[in-house]
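The values are calculated or read from the model by the stated rules, or taken from the named source; none is laboratory data. It should be emphasised that the depicted structure is a prediction, and the values quoted were computed from it without experimental measurement. Every residue, glycine as well, gets a Cβ built from its backbone with ideal geometry; the counts of neighbours run over all protein chains shown.
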Amino acid sequence: MKDAWRELLGDWDTDGDGEISESELQIGVENAFMEMDLDGDGFIEKEELEAALMARSPDLAPVSQMIKALDTDGDGRVSREELKALVF
Ligand SMILES: [Ca+2]
Ligand SMILES: [Ca+2]
Ligand SMILES: [Ca+2]
């Protein structure tokens, strides 16, 4: 399911050296939140992910499974810290 997130968010390796540096990670996370966190509360909720998927690739993956893949504290939404887990 992390692959689905990567596909949705694109490649964070902006300088193309094959690694995500700390600054690339920061920028990637910030861009993702700017784009998806519509109500600006610092979390990506199901509805927000759903909207992003509808806009780009509706058939990518089930929203609930994508949330679950990153939601380590189980509150049903994705925080910045949780999103960072994408690259590790
Ligand atoms: Ca890089
Ligand atoms: Ca939100
Ligand atoms: Ca969470």
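Data overview
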item	result
Leading residue by the ranking (farthest from ligand 3 (Cβ to nearest atom)) among those in the range 3-14 that are within 19 Å of Ala55 (Cα to Cα) and charged (D, E, K, R)	Asp11
Tally, over the range 29-88, of residues that are surrounded by 12 or more Cβ atoms within 10 Å (Cβ to Cβ), free of Cβ contacts under 8 Å to residues at least 24 places away in the same chain, in contact with an Asp or Glu (Cβ under 8 Å, 6 or more places away or on another chain) and more than 16 Å from Glu7 (Cβ to Cβ)	6
Residue in the range 59-74 that is within 16 Å of ligand 1 (Cβ to nearest atom), of a type outside the set (Phe, Trp, Tyr) and modelled with pLDDT of 95 or more present	no
Of residues in the range 5-14 being of a type in the set (Asp, Glu) and assigned to a loop (DSSP other than H, G, I, E, B), the one surrounded by the fewest Cβ atoms within 10 Å (Cβ to Cβ)	Asp11
Helices (runs of 4 or more DSSP H) contained in the range 15-78 and holding at least 2 residues touching a helix residue (DSSP H, G or I) at 6+ places or on another chain (Cβ under 9 Å) and within 13 Å of ligand 3 (Cβ to nearest atom)	46-56, 63-70
